[in-house]
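K.L.:
Attaching a single structure in C-alpha cells format; questions to follow.
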Amino acid sequence: MAIEVYNIMEDLVDQNMKKIVEQIPNVCYCEQCIADITAMALNNLKPRYVSSAKGGVLARVMGTTEVEQINLIREITSAAEKVAARPHHSLDVKVKNNRHITITREEVKE
Ligand SMILES: [Zn+2]
C-alpha cells in the first residue's frame, strides 16, 4: 500500500457534513452545493496533514482535538449558511434537488 501525504480534515468534513447541514434551514443538498460547502470549509480550516497508508488514516482521525472539532463544526456551519444564501444555481433547481441527498454514498436515494 502506498504511503501518502493526506489532509485528514477532508475526511472529517465529509463525515460531519450531513448532521451539520441538516440543522441549517434552506440548505441545498445537491452535489454542487455540498462541494461548495466542503471547499469553503476546508479553505477556512487549518489543514492537518498526515503521512500514512490509507488504512492508518481513520485511526489518526480519532486523535483530533476538541478545538479542532469545534472549529470544524463552526466552519461547516458558516460555509453552509453562505452557500444556502447564495447557491451557484437558481432557487428552483434547489427545490428540485432537495429530494436527493448526495453527501454520503449510503444516503444516495432514488
Ligand atoms: Zn444546490
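The values are calculated or read from the model by the stated rules, or taken from the named source; none is laboratory data. Everything quoted here is computed from the prediction, not taken from an experiment. Quick reminder, even Gly has a Cβ in these numbers, built from the backbone with ideal geometry, and neighbours come from all protein chains shown.
K.L.:
What's the number of the condition residue 87 fails, among (1) at pLDDT below 60; (2) farther than 11 Å from residue 13 by Cα; (3) outside any helix (DSSP H, G or I)?
P.N.:
Condition not satisfied by residue 87: (1).
K.L.:
A further question on this structure: Can you report the number of residues in segment 25-43 which are surrounded by 15 or more Cβ atoms within 10 Å (Cβ to Cβ) and within 16 Å of the ligand (Cβ to nearest atom)?
P.N.:
So the answer is 12.
K.L.:
Same structure, new question: Return the residues of segment 4-22 that are in contact (Cβ under 8 Å) with a residue 12 or more places away in the chain and either among the aliphatic types (A, V, I, L, M) or in a loop (DSSP other than H, G, I, E, B) (or both); say none if nothing qualifies.
P.N.:
Matches in segment 4-22: 5, 8, 9, 12, 13, 17, 20, 21.
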